[in-house]
Amino acid sequence: MESSAVREGKDDVIMLRDYQKDICSRTVEALKCHRSVMVQMPTGTGKTVVLASLVNEELRNVSSTKSMKNEELQNRRNQSVCNTIMIVAHRRELVEQIRETIHRLGIDDGNITVCSIQWLAYNINKVKETPQLVVIDEAHHALAKTYRMMWEAWHEARFLGLTATPCRMNRAGFTDLFECLVMSWSIGQFIREGWLSLFDYYSIKADSEEQRRINSLEKRGADGDYQAKELNAVLNRKPSIERLYESVARYAEGKKGIVYAINIDHAHNIAEYYREHGVNAVAIDSRTP
């Protein structure tokens, strides 16, 4: 459930829901006091629109300083003014979504660069002008070396990270990168207010064969999550796919749904097994048109 936003004229404000206005306001205040701020919002509550609104606020601050005297301008810059903004995401689809949102809202005035972290890792030395604000989408990935290099390369930049999950599976925090955490409502409150749908969930048992296999996994990535290579070796096997199908047959027979896979090969193996058992299933991956 992504939020809608409208921006009709150059000086118009992006239309936000009340909770989005609230978190934008608190984030702007936090950026005045801290060099790096992380913002948490549950999936489906409009992080991309909030991102665009915060970027727009920075650009509006810039335009409002054109008539200021040098001393006053410097004081304003020390607070929150930004001339160059870089938005970084970890997937091509997210980069395109952010670009489309910024273009649709009419706030791309040439001061904004949107790129993938993969591109930046190879081209950071080619960035001619140090960004004054770096916005990181899905900021729970920021513990990886490719993200840390931005802090090391751009000592004067401020950093704003957005994520639904400000945590790592190894229970370590992000305070070595982000000085402040600005939190939105809980998922429960979003459901009570009607912005998110109520849901049911089922989990495997703590003593199940599948859980024992998961507990046997040892390798972790920079963000504390399991490594896909080891996950694939342990779980991309017929017995696990059979048990996955049994759960679908038991709890979701006749319903439409999505099954998340470890990688492309796993997705195709799942879809093939489901088709063999009469389920109309197809594998969708990054190569799918």
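In segment 156-289, Cα pairs under 8 Å separated by at least six residues give a relative contact order of 16 percent. Which entries of 205/229; 21/126; 145/219; 145/256; 47/205 have Cα-Cα distances beyond 27 Å here? Correct reply: 21/126; 145/256; 47/205. Of the residues 213, 158, 92, ranked by 1.4 Å probe accessible area with the largest first, the sequence reads 92, 213, 158.
The values are calculated or read from the model by the stated rules, or taken from the named source; none is laboratory data. Remember, it's a predicted structure, so these values are computed and weren't measured experimentally. Ligands, DNA and RNA are stripped out before the accessible areas are found, and what is left, the full protein with its side chains, is counted by its heavy atoms. Shrake-Rupley method; radii C 1.70, N 1.55, O 1.52, S 1.80 Å.
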